[in-house]
Amino acid sequence: TFQFSRGTALAAGEEARLRALHAGALNDDRIHVTIIAHTGSTGDVAANQDLSDMRAEMGQSIARDMGLATNRITARGVGGGSPAAKQTGESDRAHQSRLARMEVALQMRRCAPNESTSQPMVDALAL
């Protein structure tokens, strides 16, 4: 999970972590990257959806800029519709801040994308 500081700006150190994760996928065509971006659950639903879409695109753009093929990346925003559970003793403000996140999963496929139209996953790592 990667945290945002505000808008589409990743929190300090998060872009380096994201780039390191994407770098691990570059040398194996069987690895597919899935990016799911979230917002807090308060405020305008449409605005939250737009922001999460922009966050997902930002994560996808970093992967593409590093050389990951577009057909190996899936990215989508889900707005505030999939909130993480509030932790015991966590303030409402801290909880809303933690909801602004991007989840990235690397999925190993049985074959490279150009070898088959059927690409079942055999392993996944979510961060």
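Take segment 66-111 and flag every residue that is among the charged types (D, E, K, R), buried (at least 17 other Cβ atoms within 10 Å of the Cβ) and not in a strand (DSSP E or B).
Step one: list which residues in segment 66-111 are among the charged types (D, E, K, R), which gives 72, 76, 86, 90, 92-93, 98, 101, 103, 109-110.
From the residues that got through so far, the ones that are buried (at least 17 other Cβ atoms within 10 Å of the Cβ) too are 72, 98, 101, 103, 109.
Residues satisfying the conditions are Arg72, Arg98.
Going by the structure shown, is Asp44 under 17 Å from Ala100 (Cβ atoms), open to solvent by 40 Å² or more (accessible area, probe 1.4 Å) and at pLDDT 95 or above?
On the way: under 17 Å from Ala100 (Cβ atoms): yes; open to solvent by 40 Å² or more (accessible area, probe 1.4 Å): yes; at pLDDT 95 or above: no.
Spelling it out, it is not the case that Asp44 is under 17 Å from Ala100 (Cβ atoms), open to solvent by 40 Å² or more (accessible area, probe 1.4 Å) and at pLDDT 95 or above.
So which of Ile36, Ile31 ends up being within 19 Å of Arg98 (Cα to Cα), open to solvent by less than 50 Å² (accessible area, probe 1.4 Å), aliphatic (A, V, I, L, M) and touching a residue at least 40 places away in the same chain (Cβ under 8 Å)? Walk me through how you get there before you give the answer.
On the way: Ile31 fails: within 19 Å of Arg98 (Cα to Cα).
On inspection, the qualifying residue turns out to be Ile36.
Which residues, counting only those in segment 4-16, are assigned to a helix (DSSP H, G or I) and either touching a residue at least 60 places away in the same chain (Cβ under 8 Å) or surrounded by fewer than 13 Cβ atoms within 10 Å (Cβ to Cβ) (or both)? Spell out how you get there, then give the answer.
As a first pass, look at segment 4-16 and keep what is assigned to a helix (DSSP H, G or I): 14-16.
Ala16 - this is the single residue of segment 4-16 that is assigned to a helix (DSSP H, G or I) and either touching a residue at least 60 places away in the same chain (Cβ under 8 Å) or surrounded by fewer than 13 Cβ atoms within 10 Å (Cβ to Cβ) (or both).
Every residue in segment 46-63 that is within 23 Å of Leu21 (Cα to Cα) and either without any contact (Cβ under 8 Å) to a residue 24 or more places away in the chain or not in a helix (DSSP H, G or I) (or both), please.
Passing the criteria: Glu57, Ser61.
Return the residues of segment 47-65 that are under 14 Å from the mean Cα position of the chain (by Cα) and surrounded by fewer than 19 Cβ atoms within 10 Å (Cβ to Cβ); say none if nothing qualifies.
Restricting attention to segment 47-65, the residues satisfying the condition of being under 14 Å from the mean Cα position of the chain (by Cα) are 51-64.
Asp53, Met54, Glu57, Ser61, Ile62, Arg64 - these are the residues of segment 47-65 that are under 14 Å from the mean Cα position of the chain (by Cα) and surrounded by fewer than 19 Cβ atoms within 10 Å (Cβ to Cβ).
The values are calculated or read from the model by the stated rules, or taken from the named source; none is laboratory data. Here the structure is a predicted model, which means the values were calculated and not measured. No Cβ is skipped: glycine too gets one built from the backbone with ideal geometry, and neighbour counts run over all protein chains shown. For accessibility, only protein heavy atoms count, side chains too; no ligands or nucleic acids. Shrake-Rupley method; radii C 1.70, N 1.55, O 1.52, S 1.80 Å.
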